[in-house]
Amino acid sequence: MLKEARLELINGISINNFKIYCNKEKKGRFKEETNMSLFIKYKNEEDFLLNLKLFYGRGSFYKEWVEIYNINTFLSFLNFFDSIIEEEILRFFYNYLENEGKLFIEYYKDRETVEQLERNYPIISTRIGFKLFKIGFINFKDWYFAEGFYEGGQKIQAEKNLNSYIKLKFMKEIYYEIIKFVNKNRNGDEILKKSISYSNEILKILKNYLE
């Protein structure tokens, strides 16, 4: 549950030689929501890493969700995207989210993902989509424009869902979508080649799952 994740972050978590911890916390718009600023420490250096919104759910009406945004891409000792820190933070929240909980991650600073989505590639075949899928997330959605003042920037929505029927339905649908994408895009630039590479890896996973 995300309340447990909150306590972990207040105490600080270690990832390899890095320590991630909550430097500041304040109440959100609702009683079930909190805002956190995470810092990262490496040897004698420390700096702001990213912001979080945690929503702890509201009975059976609303499930938990976490939003990751305002990612610091100017750290002197870390390139966040494709780092062990990015991987483990996403995995951390997957492990703590309740079933049917959702994760939102802002992507406008992730240039590879931005270009892939602008070209209308499948979300799962983008850099961040592929990473989320490998961790276990399904049912992706691209919130590519803000609908109002509070919605924030462009973000990918992903869901943790352990229902075997829903997972199977997603796997079947995405399998045919990726087959179509790969068959239509044999040659192209590096951005396309990366998406095709992700797609081929996904197809291997899906074939094993669907057999």
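The values are calculated or read from the model by the stated rules, or taken from the named source; none is laboratory data. Note that this is a predicted model, so its numbers are computed, not measured. Heads up, the Cβs are rebuilt from the backbone with ideal geometry, glycines too, and the neighbour counts pull from every protein chain shown. Side chains are part of the model used for accessible areas, which takes the heavy atoms of the whole protein and leaves out ligands, DNA and RNA. Shrake-Rupley method; radii C 1.70, N 1.55, O 1.52, S 1.80 Å.
From the residues in region 33-55 that are of a type in the set (Asp, Glu) and more than 21 Å from the chain's Cα centre (by Cα), which one is surrounded by the most Cβ atoms within 10 Å (Cβ to Cβ)?
So in region 33-55, the residues of a type in the set (Asp, Glu) come out as 33, 45-47.
If we keep only those that are more than 21 Å from the chain's Cα centre (by Cα) as well, we get 45-47.
On the way: 45: 11, 46: 16, 47: 14.
The qualifying residue surrounded by the most Cβ atoms within 10 Å (Cβ to Cβ) is 46.
Taken as a whole, the structure leaves residue 196 outside the set of residues that are of a type in the set (A, V, I, L, M, F, W, C) and touching a Gly at 6+ places or on another chain (Cβ under 7 Å). Within the option set 175, 121, being assigned to a loop (DSSP other than H, G, I, E, B), more than 13 Å from the chain's Cα centre (by Cα), more than 30 Å from residue 8 (Cβ to Cβ) and modelled with pLDDT of 95 or more holds for one residue only, 121. Scanning region 19-32 for residues that are surrounded by fewer than 16 Cβ atoms within 10 Å (Cβ to Cβ) and part of a loop (DSSP other than H, G, I, E, B), we see that the one that is nearest to the chain's Cα centre (by Cα) is 28. Beta carbons closer than 7 Å, at least 6 apart along the sequence or on distinct chains, pair a first residue in region 96-115 that is surrounded by fewer than 22 Cβ atoms within 10 Å (Cβ to Cβ) with a second that is of a type in the set (Gly, Ala, Ser) and assigned to a helix (DSSP H, G or I) for 96/5. Contact annotation: no residue pair with Cβ atoms under 8 Å, 6 or more positions apart or on different chains, pairs a residue in region 130-145 that is under 17 Å from residue 99 (Cα atoms) and touching a residue at least 12 places away in the same chain (Cβ under 8 Å) with a partner that is part of a loop (DSSP other than H, G, I, E, B) and open to solvent by 30 Å² or more (accessible area, probe 1.4 Å).
Taken over region 56-65, the criterion of being of a type outside the set (Lys, Arg) and either in a loop (DSSP other than H, G, I, E, B) or crowded, with 20+ Cβ neighbours inside 10 Å (or both) is satisfied by 56, 57, 59, 60, 61, 64, 65. Among the residues of region 69-83, is any open to solvent by 50 Å² or more (accessible area, probe 1.4 Å) and touching a residue at least 60 places away in the same chain (Cβ under 8 Å)? So far as region 69-83 goes, yes, one or more of its residues are open to solvent by 50 Å² or more (accessible area, probe 1.4 Å) and touching a residue at least 60 places away in the same chain (Cβ under 8 Å).
Assess whether residue 188 counts as being assigned to a loop (DSSP other than H, G, I, E, B), surrounded by 14 or more Cβ atoms within 10 Å (Cβ to Cβ) and modelled with pLDDT under 95. No: the conditions fail for residue 188.
Could you grab the pairs with beta carbons closer than 7 Å, sequence gap of 6+ or different chains, first residue in region 16-32 and of a type outside the set (A, V, I, L, M, F, W, C), second one in a loop (DSSP other than H, G, I, E, B) and open to solvent by less than 80 Å² (accessible area, probe 1.4 Å)? Pairs found: 19/12; 21/12; 32/56; 32/57. Mind listing whichever residues of region 124-161 are surrounded by fewer than 15 Cβ atoms within 10 Å (Cβ to Cβ) and either among the hydroxyl-bearing types (Ser, Thr, Tyr) or modelled with pLDDT of 95 or more (or both)? 141, 144, 150 - these are the residues of region 124-161 that are surrounded by fewer than 15 Cβ atoms within 10 Å (Cβ to Cβ) and either among the hydroxyl-bearing types (Ser, Thr, Tyr) or modelled with pLDDT of 95 or more (or both). Evaluating residue 197 against the criteria (1) open to solvent by 20 Å² or more (accessible area, probe 1.4 Å); (2) free of Cβ contacts under 8 Å to residues at least 60 places away in the same chain; (3) in contact with a helix residue (DSSP H, G or I) (Cβ under 7 Å, 6 or more places away or on another chain) leaves one unmet condition, (3).
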